[in-house]
Amino acid sequence: MEFKIVYGNHGKDPFHVMDTLLLIKLSLEALGHKADLEELMTPGKTNILMECFSYDFIEALKEVHETPGTEFIIVATEF
C-alpha cells in the first residue's frame, strides 16, 4: 500500500513533529509499504495527518476528499 505522510499543516517549522512522522514512515516501510513525506495532501492516496488543523487546512482537506480514492488517517497526539 502507498501512504502520504503530510507535514504541511504544521506551519513553517514542522521539524518539531518530524521524529513522530519519521517513526510512522519507517514503521510502514518495515512492513513493506511505500511511505512518502509530503508537504501537501495528495488526492487519490491515503494521507496520514497529525493533528493541528486550521480552518484553511480543513477546507483544503474537504476539497482533496472530493477526489475518488482519497483516504485519511488522523494521528491524535493529545486529547
>> Exactly one condition in (1) at negative phi; (2) at pLDDT below 90; (3) surrounded by fewer than 12 Cβ atoms within 10 Å (Cβ to Cβ) is false for K62; which is it?
In response: (2)
> Among the residues of region 36-64 satisfying the criterion of being assigned to a loop (DSSP other than H, G, I, E, B) and free of Cβ contacts under 8 Å to residues at least 40 places away in the same chain, which is nearest to G11 (Cα to Cα)?
Replying inline: E39
> Of everything in region 41-54 that's more than 19 Å from T77 (Cα to Cα) and out of contact with any strand residue (DSSP E or B) (no Cβ under 7 Å at 6 or more places or on another chain), which residue is surrounded by the fewest Cβ atoms within 10 Å (Cβ to Cβ)?
Replying inline: G44
> Which pairs do you get when a residue that is over 10 Å from K45 (Cβ atoms), found in region 1-13, comes within reach of a residue that is at pLDDT below 75 and part of a helix (DSSP H, G or I), reach meaning Cβ atoms under 6 angstrom, with the pair 6+ apart or on two chains?
Replying inline: Y7/P14
>> So, T67, is that one without any contact (Cβ under 8 Å) to a residue 60 or more places away in the chain, part of a loop (DSSP other than H, G, I, E, B) and touching a Lys or Arg at 6+ places or on another chain (Cβ under 6 Å) or not?
In response: no
>> I need the full set of residues from region 1-47 which are in contact with a Lys or Arg (Cβ under 8 Å, 6 or more places away or on another chain) and among the acidic types (D, E), in order please.
In response: E2, D36, E38
> Can you find even one residue in region 13-26 that is at pLDDT below 90, in contact with a His (Cβ under 7 Å, 6 or more places away or on another chain), in a loop (DSSP other than H, G, I, E, B) and of a type in the set (A, V, I, L, M, F, W, C)?
Replying inline: no
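The values are calculated or read from the model by the stated rules, or taken from the named source; none is laboratory data. On a predicted model such as this, the values are computed, not experimentally measured, just so you know. Because the Cβ atoms are built from the backbone with ideal geometry, glycine has one as well, and the counts that use them run over all protein chains shown.
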